[in-house]
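Please treat every number below as a calculation from the coordinates, not as lab data. Model, not experiment: these values are computed from the prediction. Note that we place each Cβ from the backbone using ideal geometry, even for glycine, and neighbour counts take in every protein chain shown.
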Amino acid sequence: MLRLRRLRRNESIRALVRETRLTPDDFVYPMFVCEGEGIRREIASMPGQYNFSVDELVKEAEQVRSLGIRAVIIFGIPSYKDAIGREAYGEDSIVQRATRALKREVKDLLVITDTCLCEYTDHGHCGVVRDSEVLNDPTLELLARTAVSQAKAGADIIAPSNMMDGFVAAIRAALDTAGFEQVPILSYAVKYASAFYGPFREAAKSAPQFGDRKSYQMDVANFREAMREAEVDVTEGADILMVKPALPYLDVLHALRQRYNLPLAAYQVSGEYAMIKSAAQRGWLDEKQVMIETLTAIKRAGADLILTYFAKQAVQCF
Ligand code: PBG
């Protein structure tokens, strides 16, 4: 008789035939940086995650690196917002200062910068707004400027997340012109208009002040369109493709794995994190096991790298 249970009898034999293994190299740790000094403010809907001022960010990043995690992605929380998101691309804006500090102070840490405008605009949309419409092409210029300012500050990878058409091409061209042809683009190629971003928007104070993001982020019901989004970004020169959120979209991740040979990233977003944390706090789920199970599932589906708020906690389980 065929007995599949033979290879499951004990942990040693299970370990021998295990197909998917998590390592610290898989993870990118997302961090939020704000103005001020000595600030380390916990985000209510994301227990264990903080808004850090630059000095505290550096301390935290040192710890992250010492745990074996190689990369962080940083999100800026500016003290000033306006209609065109000026704080996104200022030479001395929050993310640019944080990037310079991290590159200077933390040895061998890869710094990825999120390239978007929603944290910096007073209306909370990811682009230039006119008559309640988010305009595509005028936004591209500002995104390109943001990416170049981040690269100038020392960013190792540019991660555009704003879902305007043509954003990879625009950013690639601007980076190349500015002499940053070696800086890769990690494109949020397939980003859904998801309700799982709720806690992030609280953390970054970036909720749209009117309407929603459905005219630029993808309809959660669409799979074939996701393949088109990925195809465009590959054509435009993306170096790494991302799917976001992660767990609800493993079908998309898996299909991209089969279609493309580019490295794939998946973003286990704030709502995925909050869901696990809150159930664990009530004693309804075993936090550690659910964390490892979800991260393993994301990797099994095809992710080469995983952006996750659990990165620090996960590597401490290995
Ligand atoms: C910026 C951005 C968002 C996230 C990453 N980059 C928010 C959004 O699109 O509203 C969400 C990440 C998370 O929920 O953890 N555009």
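For helix 167-177, what angle does its Cα long axis make with the longest principal axis of the chain, in degrees from 0 to 90 and rounded to 10?
Roughly 70 degrees between the two axes.
About its Cα centre, how strong a charge dipole does the chain have in debye, to the nearest 20, once Lys and Arg get +1 and Asp and Glu get -1 at the Cβ?
Details: 40 positive and 43 negative charges, 345 e Å.
Dipole about the Cα centre, nearest 20: 1660 debye.
Put +1 on the Cβ of each Lys and Arg and -1 on the Cβ of each Asp and Glu in the range 21-315; which of L102, W284, G124 then has its Cα farthest toward the positive end of the dipole?
W284
Would you mind checking which residues have amide H under 5 Å from V28's amide H? H placed 1.01 Å from N; only 5 or more apart, or other chain.
I306, L307, T308
Could you go through the range 213-223 in sequence order and give the Karplus-derived ³J(HN,Hα) for each residue, using 6.51 cos²θ - 1.76 cosθ + 1.60 with θ = phi - 60°, rounded to whole Hz, and x for Gly and Pro?
With the stated coefficients, the range 213-223 comes to 9, 6, 7, 10, 7, 7, 5, 4, 7, 9, 9 Hz.
Here are some pairs, K152/K288; K152/K214; K214/K288; K152/K277; K191/K277; K59/K288; which of them have Cα atoms lying more than 30 Å apart in this structure?
Those over the limit are K152/K288; K152/K214; K214/K288; K152/K277.
With charges only on Cβ, +1 for K and R and -1 for D and E, what is the dipole size of the range 1-53 about its Cα centre, in debye, rounded to 20?
900
Quick one: grab the alpha carbon gyration tensor of the range 154-193, order the square roots of its eigenvalues as a ≥ b ≥ c, and give me rounded if a/c is under 1.5, else prolate or oblate depending on whether a/b is larger than b/c.
Note, shape of the range 154-193 comes out oblate.
Based on DSSP H runs of at least 4 residues, each adding -39500 (n - 2.57), what is the mean residue ellipticity at 222 nm of the chain after dividing by all its residues, to the nearest 500 deg cm²/dmol?
-11500 deg cm²/dmol
Go through the range 13-27 residue by residue and turn each phi into a ³J(HN,Hα) via Karplus (6.51, -1.76, 1.60, θ = phi - 60°); whole Hz please, and just put x for glycine and proline.
6, 5, 5, 5, 10, 5, 8, 10, 10, 8, 9, x, 5, 6, 9
Could you calculate the contour length gain from M227 to D251, that is, 0.36 nm times the residue separation minus the distance between their Cα atoms, to one decimal place in nm?
Value of the extension gain: 7.5 nm.
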